[in-house]
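Some notes on the structure that comes next.
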Amino acid sequence: MRSECFYGIGEPLIQREQDTYVSAAEYLDLVKALGCTAYRSWMHLTDILMDPVTPNEGAVLAHTKLLNRAEELHLEVTGMSHEWFLPKGCRQRTGHAVPNRDLTEGSLYRQTLDMLEQSWFTMVSLFPQVSQWEVGNEWNINAFLQPDGFLDSHMSRPYSPDEKLDIAVDLMYFAAKGIRRANPDARVVSFSPALSTPWLGGDLPDYLPPMYGIAWTLDKIYSRIKSGEFWSEDPDDYFDLVAWHPYQMSTSQMERDADLFLHIEEPDCLWKDYNDAAYRVMCKYGDAKKQVILTETGFTDCGDPELEIKQAEYTRKLLRLAAELPYVRTVYNFRLLTETGMLKKQGIEKNQIGGRAEVSFGFFKEPDENCRPRLKAHVLQEVAGGLEDLTAAGKKVALSKRKL
């Protein structure tokens, strides 16, 4: 039986408020208009806190306003952070980095883990409106889990796939401790793995389609937990819900970067099996009863009208396939709005993590284009059962833009 919060949208709305001058809370009306009942919110520890024990009052106020509106609209919220604080002695103070794994009491690494636990305790204590917390994002690739100083040093090597997953298990355990200490009723969501290809820092064999990297990564995570060599052998001590990013990507071994999102096939039983394979791993390790959150999935057309038409139907097909997966609690579509400002900020045209491909994931255009619904917005609304006039809803949100 499908959950009441099955259809969701993910978008960093506080960041979008800052660059579009539309209140983040206003954008939630578009989520509701689509017929969605869940919202995934970017809530980085380092944006909302000054340090592990000190809230940033302005950021807390902004997120509180957004979360209160979500409650009014009966949207279940998954709060997600993939940044954290680092102790004195590290080259960096925040980000996706950790010092080398050293479990000695008082080491920089152990200090990082302790700071992470305290940060999550502080964060969760501030926001009782959030029912579940996703503790990380794509830690199986180099972009989201790195050695301290990796980004500003050509001499530093990335962590190996095994090193990243050793660290990921540690991070999940200490994050869960902090969350549960603050709110025993809150659910802890695992970090969300995605593809695990060698050129992004994974070790999935080249002969497998890239999205089998999810199951590949989960098997390594569970085997570590069950090994008895980490903090607990019980997966419940690390997470209550399991998350992953089941994008439909090209199966061509010749494609790289943005092409993985563009040269794709129609989602079919292979997409379903990417997910089933991950769930089979959960069953293998005795976690069959846990629910799954598909924390990001969607399509980008890079502004190509023909691709937009094709991908609207891909969206329909993917959502129907997702509805056939009995273990899935929520599928979060990525993302609410297009992001044309990203190219202006970064000046790049080819990088699937921010850049040309990410611009056109949105279901609505930005306020300068009246938040016009794109074709896939109408598809999502039809599948989710929304009834509002999406064009009118978009115009209303766009008109709320603050005067400069």
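The values are calculated or read from the model by the stated rules, or taken from the named source; none is laboratory data. Keep in mind that this is a model prediction, so the values were computed, not measured. Every residue, glycine among them, receives a Cβ derived from its backbone with ideal geometry; neighbour counts consider all protein chains shown. Note: accessible area is taken over every heavy atom of the protein model, side chains too, but ligands, DNA and RNA are not part of it. Shrake-Rupley method; radii C 1.70, N 1.55, O 1.52, S 1.80 Å.
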For residues in segment 226-251 being out of contact with any strand residue (DSSP E or B) (no Cβ under 8 Å at 6 or more places or on another chain) and closer than 18 Å to I141 by Cβ, which is modelled with the highest pLDDT?
M249
For Y238, state whether it is touching a residue at least 40 places away in the same chain (Cβ under 8 Å), buried (at least 19 other Cβ atoms within 10 Å of the Cβ) and hydroxyl-bearing (S, T, Y).
yes
One residue from M115, M123 being in contact (Cβ under 8 Å) with a residue 60 or more places away in the chain, within 16 Å of I167 (Cα to Cα) and either in a helix (DSSP H, G or I) or out of contact with any strand residue (DSSP E or B) (no Cβ under 9 Å at 6 or more places or on another chain) (or both)
M115
Looking only at segment 98-112, and only at residues there that are assigned to a loop (DSSP other than H, G, I, E, B) and of a type outside the set (S, T, N, Q), the one that is nearest to I167 (Cα to Cα):
R101
Within segment 97-108, is there a residue that is in contact with a Pro (Cβ under 7 Å, 6 or more places away or on another chain), open to solvent by 20 Å² or more (accessible area, probe 1.4 Å) and over 30 Å from P210 (Cα atoms)?
yes
Could you tell me whether T112 is closer than 18 Å to V169 by Cα, buried (at least 18 other Cβ atoms within 10 Å of the Cβ) and hydroxyl-bearing (S, T, Y)?
yes
Within segment 376-399, work out how many residues are aliphatic (A, V, I, L, M) and either out of contact with any Asp or Glu (no Cβ under 9 Å at 6 or more places or on another chain) or surrounded by fewer than 17 Cβ atoms within 10 Å (Cβ to Cβ) (or both).
8
Search segment 167-190 for residues that are in contact (Cβ under 8 Å) with a residue 24 or more places away in the chain and closer than 11 Å to V135 by Cα and pair each with any residue that is acidic (D, E) and part of a strand (DSSP E or B) when their beta-carbon atoms are under 7 Å apart and the residues are at least 6 apart or on different chains.
V189/E134
List the residue pairs whose Cβ atoms are under 7 Å apart, where the first residue sits in segment 318-337 and is under 12 Å from E296 (Cα atoms), the second is crowded, with 24+ Cβ neighbours inside 10 Å and among the charged types (D, E, K, R), and the two are 6 or more positions apart or on different chains.
Y332/R40; R335/E11; L336/E11
Among the residues of segment 283-329, count how many are modelled with pLDDT of 95 or more, surrounded by fewer than 21 Cβ atoms within 10 Å (Cβ to Cβ) and assigned to a loop (DSSP other than H, G, I, E, B).
12
Those residues of segment 183-223 which are in a helix (DSSP H, G or I) and either open to solvent by less than 30 Å² (accessible area, probe 1.4 Å) or within 15 Å of N137 (Cβ to Cβ) (or both), in sequence order
L200, P210, M211, G213, I214, A215, T217, L218, I221, Y222
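Look at segment 45-78 and say how many of its residues are in a helix (DSSP H, G or I), open to solvent by less than 60 Å² (accessible area, probe 1.4 Å) and without any contact (Cβ under 8 Å) to a residue 12 or more places away in the chain. Give the steps one after another, and end with the answer.
Pass one, segment 45-78, residues in a helix (DSSP H, G or I): 45-48, 57-72.
Okay, now just the ones that are also open to solvent by less than 60 Å² (accessible area, probe 1.4 Å), so 45-46, 48, 58-60, 62-64, 66-67, 70.
Then drop every residue that is not without any contact (Cβ under 8 Å) to a residue 12 or more places away in the chain, which leaves 58.
Qualifying residue count for the region: 1.
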For segment 186-193, does any single residue satisfy the condition of being β-branched (V, I, T) and modelled with pLDDT under 90?
no
Restricting the search to segment 164-182, which residues are closer than 23 Å to Y207 by Cα and either touching a Lys or Arg at 6+ places or on another chain (Cβ under 7 Å) or outside any helix (DSSP H, G or I) (or both)?
L165
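Matching residues to (1) surrounded by fewer than 24 Cβ atoms within 10 Å (Cβ to Cβ); (2) among the charged types (D, E, K, R); (3) out of contact with any Asp or Glu (no Cβ under 7 Å at 6 or more places or on another chain); (4) farther than 26 Å from N56 by Cα:
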| residue | (1), (2), (3), (4) |
| --- | --- |
| W120 | no, no, yes, no |
| V135 | no, no, yes, no |
| F150 | yes, no, yes, yes |
| K177 | yes, yes, no, no |
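Within segment 330-340, track down each residue that is over 12 Å from G8 (Cα atoms) and either over 22 Å from the mean Cα position of the chain (by Cα) or open to solvent by less than 10 Å² (accessible area, probe 1.4 Å) (or both). So that I can check it myself, show each step before the final result.
Going through segment 330-340, the residues over 12 Å from G8 (Cα atoms) turn out to be 337-340.
Across segment 330-340, the qualifying residues are L337, T338.
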